[in-house]
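Below is one structure, written out as structure tokens, with a few remarks after it.
Readers should treat all values here as calculations from the given coordinates under stated rules, not as data from a laboratory. Here the structure is a predicted model, which means the values were calculated and not measured. As a convention, Cβ positions derive from the backbone with ideal geometry for all residues, glycine included, and neighbour counts pool all protein chains shown.
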Amino acid sequence: PRPRTVLLTGAAGGLGTLMRGLLPAYGYELRLLDMLPIPGEPDAITADLADTDALREAVRGADAVLHLAGISLEASFDKILKANIEGTYHLYEAARREGVGRIVFASSNHAVGFTPRPQEADDPLIPVATTHRPDTFYGLSKAFGEDLAQFYWDKYGLETVSVRIGSCFPEPTSVRMLSIWMSPGDGARLFHAALTAERVGHSVVYGSSANTRLWWDLSSARALGYEPRDDSEPYADKLVAEQGGLDPDLPEHACLGGHFTTDPPIWPH
Ligand code: NAI
Ligand code: 15L
């Protein structure tokens, strides 16, 4: 049976707001959760991922979870530990205890951010089975989340699709994003495929549109039934004219994670 009731964590955020707009058309009833209240959504659950009782109640009776909540950029290890590492553990424990069968986990390209990007048109695309090479504490938490998902599948039979999202925003805003952009419409198509495909076990997929300048292999995403419709290329001329092309000799242009690989780390104050 297709999942109907889906708990959407991180529903107040950028991607959560886009998906609140797009996923109901696929027939889902979304149950919303975020640590921040959501204007115009009085039924949304306002809870932190640290609140294990609230999480148990939030997942109870849900068919699946789309787990977007967490810190979405680099932060101090302590903050990442609480929100992304402990928070994702608490979410998985709640789902296991309440018998929820599937989680779609918002992983990130930054779990493999230090992977050198393809440079030439005939360079091979980056496969999903590449070694984790996190570029930040943030990326490290996403690598942990993918391993947590594998563990909960192997140990408890709880399924996950880990989506290594590129950049999901209404439009690409950088030359790097021309390669990793996921249009909101394609994001909804991919999350729908991840929620409905049969027998996913723990599958890892890259999350992006069918970009002309794509860096990674979308075949595991397509295997779920995902058919991307968008391509960033119409934005290319303008972005390259404004910003210049990617320079292979600049470290911040050399790897999938872009400037996340070269930004200074954030230490506790
Ligand atoms: P965002 O920062 O706009 O939204 C994240 C939401 O999670 C916020 O509303 C925040 O209040 C909530 N949150 C944070 N910590 C929480 C906690 N401890 N308990 C409850 N709620 C908490 O981020 P965005 O862009 O919407 O991303 C959503 C997810 O997708 C994140 O996990 C992010 O790492 C991942 N992702 C997003 C990408 C993108 O292009 N938007 C790219 C790659 C990954
Ligand atoms: C991410 O993981 C972030 O959540 C998002 O805000 C973008 O910065 C994206 O990666 C990116 O790599 O552009």
Screening 17, 52, 88, 5 for residues that are touching a residue at least 60 places away in the same chain (Cβ under 8 Å) and of a type in the set (Ser, Thr, Tyr) leaves only 88
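Any residue at all in segment 32-46 that's in contact (Cβ under 8 Å) with a residue 40 or more places away in the chain and assigned to a loop (DSSP other than H, G, I, E, B)?
Within segment 32-46, the subset in contact (Cβ under 8 Å) with a residue 40 or more places away in the chain is none.
No; the residues of segment 32-46 include none that is in contact (Cβ under 8 Å) with a residue 40 or more places away in the chain and assigned to a loop (DSSP other than H, G, I, E, B).
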Quiz item: Does segment 145-162 contain at least one residue that is near ligand 2 (Cβ under 10 Å from one of its atoms) and surrounded by 21 or more Cβ atoms within 10 Å (Cβ to Cβ)?
Solution: no
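Residues to consider are 121, 83, 94, 75; find the one that is over 18 Å from the mean Cα position of the chain (by Cα) and within 22 Å of residue 48 (Cβ to Cβ). Working first, answer last.
Working: 121 fails: within 22 Å of residue 48 (Cβ to Cβ); 83 fails: over 18 Å from the mean Cα position of the chain (by Cα); 75 fails: over 18 Å from the mean Cα position of the chain (by Cα).
Being over 18 Å from the mean Cα position of the chain (by Cα) and within 22 Å of residue 48 (Cβ to Cβ) holds for just one of 121, 83, 94, 75, which is 94.
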The residue that is nearest to ligand 1 (Cβ to nearest atom), considering only those in segment 18-35 that are within 20 Å of the chain's Cα centre (by Cα) and surrounded by fewer than 14 Cβ atoms within 10 Å (Cβ to Cβ), is 21
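Based on this model, can you work out whether residue 77 counts as in contact with a Cys (Cβ under 6 Å, 6 or more places away or on another chain) and touching a residue at least 60 places away in the same chain (Cβ under 8 Å)?
Details: in contact with a Cys (Cβ under 6 Å, 6 or more places away or on another chain): no; touching a residue at least 60 places away in the same chain (Cβ under 8 Å): yes.
When the stated conditions are applied, residue 77 does not pass them.
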Subset of segment 223-269, residues within 16 Å of ligand 1 (Cβ to nearest atom) and part of a helix (DSSP H, G or I), comes to 235, 258, 259, 260, 261
Within segment 234-269, the residues that are in contact with a helix residue (DSSP H, G or I) (Cβ under 9 Å, 6 or more places away or on another chain), farther than 20 Å from residue 120 by Cβ and of a type in the set (A, V, I, L, M, F, W, C) are 239, 260, 266, 267
Residue hits (segment 175-193; out of contact with any Gly (no Cβ under 8 Å at 6 or more places or on another chain) and within 13 Å of ligand 2 (Cβ to nearest atom)) are 178
Out of (1) in a helix (DSSP H, G or I); (2) within 13 Å of ligand 1 (Cβ to nearest atom), the one residue 220 does not meet is (2)
Evaluate segment 58-73: report whether one residue or more is under 16 Å from residue 147 (Cα atoms) and more than 16 Å from ligand 2 (Cβ to nearest atom).
no
